[in-house]
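K.L.:
Sharing a structure here in structure tokens format.
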């Protein structure tokens, strides 16, 4: 399904003017953010002023450099946390390959990853990825603050952000060969609180399912980011916001490079009392966010229709 669905896509302008705290335009942007998340579970943020085109170009330049490394080098990317390391060489998903930089907003996190890939050092890669992660995290924090404030839960924001870390996943979907299926990545919901997705602007591929069960193709230019709700936000919001199903389909002859910044909370999350009332009875028990990731890796978690409800639903 193509442009016919895209016309309904919520595209919000994230200019510095629209984000000035306390201004009517900021209040309006916040209202639009919540409306889009409650209706679609995601929106497109136009951040023309926020990401300098040099950083965009440099980021995707070093991304191609990374994926050109030998497979055995990339496979050194392993973490104790589930879902964080190298994914690739999967028979059912031949087009997909990805790596993860844990704690990507800290220079130490990007340095650890860079040292693994380039033992002789690659400061340019480290600095570009760290700058990019910080910029995407700033967008994430802006949106997250809006979510908390919209639900009269602003007082919980600082402690939430204080125990949140960011995982930056670097993704490549190569163009399919003639006889290969076009599936770049399977239909899934994210296990994060929020996810910021960004692509090189040349090759589209992200498809998101609406509540009406129709798939819409998300077309992105270099200045646009997708902000998506994950399962942890769905639980925290007491189902006011749903985490949408999405997948990647690759058509055409060009490889697709993209980035996904996932926010994970290192503590326990719970539905704020402000979000529980007669119309919205409590649907989730307090849960450990990283515990959700571990649960998802078990047979029960992987097979359940809705992992977050199986993990901590009331």
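Just so you know, all these numbers are worked out from the coordinates, no wet-lab data involved. No experiment lies behind these values; they were computed from the predicted model shown. Heads up, the Cβs are rebuilt from the backbone with ideal geometry, glycines too, and the neighbour counts pull from every protein chain shown.
K.L.:
What is the stretch 3-272's relative contact order, in percent, from Cα pairs under 8 angstrom and six or more apart in sequence?
P.N.:
Numbers: 522 pairs, mean separation 63.7, N = 270.
Contact order relative to length: 24 percent.
K.L.:
Next question, about the same structure. Can you divide the C-alpha Rg of the chain by 2.2 N^0.38 Å and report the result to two decimal places?
P.N.:
0.97
K.L.:
Pop a pseudo-label 7 angstrom from the Cα along the beta-carbon direction at both residue 219 and residue 31 and give the gap in nm to one decimal.
P.N.:
Distance between the two pseudo-spin positions: 2.9 nm.
K.L.:
Given the stretch 28-152 reduced to its alpha-carbon atoms as identical point scatterers, what log10 I(q)/I(0) does the Debye formula return at q = 0.12, 0.18, 0.19 Å⁻¹?
P.N.:
-0.60, -1.07, -1.12
K.L.:
For the stretch 15-85 and the stretch 161-192, write down the distance between their C-alpha centroids in whole Å.
P.N.:
13
K.L.:
To check my understanding: the extent here is largest minus smallest coordinate of the Cα atoms along each principal axis. What are those three numbers for the stretch 105-232, in Å, largest first?
P.N.:
54, 52, 24 Å, listed from the longest principal axis down.
K.L.:
As a check on your grasp of the helix formula, calculate [θ] at 222 nm for the chain: sum -39500 (n - 2.57) over DSSP H runs of n ≥ 4, divide by the residue count, round to the nearest 500.
P.N.:
After summing the helix terms and dividing by residue count, I get -10500 deg cm²/dmol.
K.L.:
In addition: Go ahead and set up a Gaussian network model of the chain, Cα springs under 10 Å, then flag whichever of 76, 172, 247 fluctuates most.
P.N.:
Its mean-square fluctuation being the largest, the pick is 76.
K.L.:
Now a separate question. Given springs between every Cα pair under 10 Å in a Gaussian network model of the chain, which of 29, 73, 298 has the largest fluctuation?
P.N.:
Among 29, 73, 298, the largest GNM mean-square fluctuation belongs to 298.
K.L.:
A follow-up question, please. How many angstrom lie between the Cα centre of the stretch 98-140 and the Cα centre of the stretch 245-264?
P.N.:
Each part's Cα centre sits 19 Å from the other's.
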